[in-house]
Amino acid sequence: NEEFRGHRFAYYACLELFNLASEKGLSYVIITCNPQNTPSKKTCELLDGIFLGEYSIPATNEMILKGECSKLIYKYYI
């Protein structure tokens, strides 16, 4: 909803995710987003991870049926 946009809720949720990952002993987290989703892309960039690239979704993956062709992939060390 429009009223919830621009408050960085996704950013803070990701920070909490990183805390939980640390508690579980993970050394990194991978987050993906659609290239067309500018707010999600900005959140991933704000989190200051490593951009691994844009990868095509294989034709056999069910995400293709939803119209998704590729994903941006980011890695965040805990």
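The values are calculated or read from the model by the stated rules, or taken from the named source; none is laboratory data. Here the structure is a predicted model, which means the values were calculated and not measured. All Cβ positions, glycine included, derive from the backbone under ideal geometry; neighbour counts span all protein chains shown. We work out accessible area using only protein heavy atoms, side chains counted, and drop any ligands, DNA or RNA first. Shrake-Rupley method; radii C 1.70, N 1.55, O 1.52, S 1.80 Å.
Counting just the residues of the range 5-14 that are loosely packed, with under 12 Cβ neighbours inside 10 Å and on the phi < 0 side of the Ramachandran plot, which one comes out modelled with the lowest pLDDT?
So the residue we want is R5.
Which one is least open to solvent (accessible area, probe 1.4 Å), of the residues in the range 55-72 that are assigned to a loop (DSSP other than H, G, I, E, B) and out of contact with any Pro (no Cβ under 9 Å at 6 or more places or on another chain)?
Of everything passing the filter in the range 55-72, I57 is least open to solvent (accessible area, probe 1.4 Å).
Being among the polar types (S, T, N, Q), more than 22 Å from R5 (Cβ to Cβ) and in a helix (DSSP H, G or I) is the filter here, so list the residues in the range 20-54 that pass it.
Across the range 20-54, the qualifying residue is only S22.
Tell me, please, whether a residue that is at pLDDT 95 or above, out of contact with any strand residue (DSSP E or B) (no Cβ under 7 Å at 6 or more places or on another chain) and of a type in the set (S, T, N, Q) can be found in the range 40-63.
So far as the range 40-63 goes, yes, one or more of its residues are at pLDDT 95 or above, out of contact with any strand residue (DSSP E or B) (no Cβ under 7 Å at 6 or more places or on another chain) and of a type in the set (S, T, N, Q).
In the range 22-46, how many are closer than 22 Å to K71 by Cα and either open to solvent by 80 Å² or more (accessible area, probe 1.4 Å) or of a type outside the set (S, T, Y) (or both)?
Here the count works out to 15.
Between a first residue in the range 3-31 that is polar (S, T, N, Q) and a second residue that is open to solvent by 100 Å² or more (accessible area, probe 1.4 Å), which pairs have beta carbons less than 8 Å apart while being 6 or more apart in sequence or on different chains?
So the pair list comes out as S27/Y77.
To keep it simple, each residue is scored yes or no on (1) over 24 Å from I78 (Cβ atoms); (2) hydrophobic (A, V, I, L, M, F, W, C); (3) in contact with a helix residue (DSSP H, G or I) (Cβ under 6 Å, 6 or more places away or on another chain).
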| site | (1), (2), (3) |
| --- | --- |
| F4 | yes, yes, no |
| C14 | no, yes, no |
| Y28 | no, no, no |
| N34 | yes, no, no |
| S40 | no, no, no |
| C44 | no, yes, no |
| I50 | no, yes, no |
| G53 | no, no, no |
| A59 | yes, yes, no |
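Please give the number of the condition N19 fails out of (1) within 18 Å of K75 (Cβ to Cβ); (2) modelled with pLDDT under 95.
Unmet condition: (2).
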